[in-house]
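A single structure is presented below for examination.
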Amino acid sequence: MAERSALVTGATGFIGSQLVPALLAAGWTVTATGRRPRPPGLPAEAGYRAADLAAGDGAGLAGLLRGATHVFHLAGASSSLADEAEMHRANVVATEALVAAAAQSPALERLVYMSSTSVYGEEVPLP
């Protein structure tokens, strides 16, 4: 089997925190990314790069994607934690920038995007 290398955005979220160790256990090379410094719970075998996907830095995104055969895009803001502007920036602008950069990445075989219904807002805001 050819070597597989994953970029996992939102690696510290609920799904990402389960996916990263599973990929590592299956022999993948994993680079995780998030907006903050490396989280303490991330497995040591996973690489980590803090990145603002919505910053519009195509060169930075190209570097982040370099060598990745698969992208698991799980990052985003939830309506219970962010205002409307941050929701748009984190969920729309960041995804558009990542997809545009991924389309130019020669090694990339697959991009998997997962979102949550929380991006649509809450009928009654959560505390």
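The values are calculated or read from the model by the stated rules, or taken from the named source; none is laboratory data. None of these values were measured; they are calculated from a predicted model. Because the Cβ atoms are built from the backbone with ideal geometry, glycine has one as well, and the counts that use them run over all protein chains shown. Keep in mind that these areas ignore ligands, DNA and RNA; they rest on the heavy atoms of the full protein, side chains included. Shrake-Rupley method; radii C 1.70, N 1.55, O 1.52, S 1.80 Å.
For THR29, state whether it is β-branched (Val, Ile, Thr) and open to solvent by less than 70 Å² (accessible area, probe 1.4 Å).
Against the criterion (β-branched (Val, Ile, Thr) and open to solvent by less than 70 Å² (accessible area, probe 1.4 Å)), THR29 qualifies.
Quick one: is SER79 at pLDDT below 85, crowded, with 18+ Cβ neighbours inside 10 Å and not β-branched (Val, Ile, Thr)?
yes
Right, here's the next one. Filter region 4-26 down to the residues that are open to solvent by 30 Å² or more (accessible area, probe 1.4 Å) and within 22 Å of ALA62 (Cα to Cα) and list them by number.
ARG4, THR12
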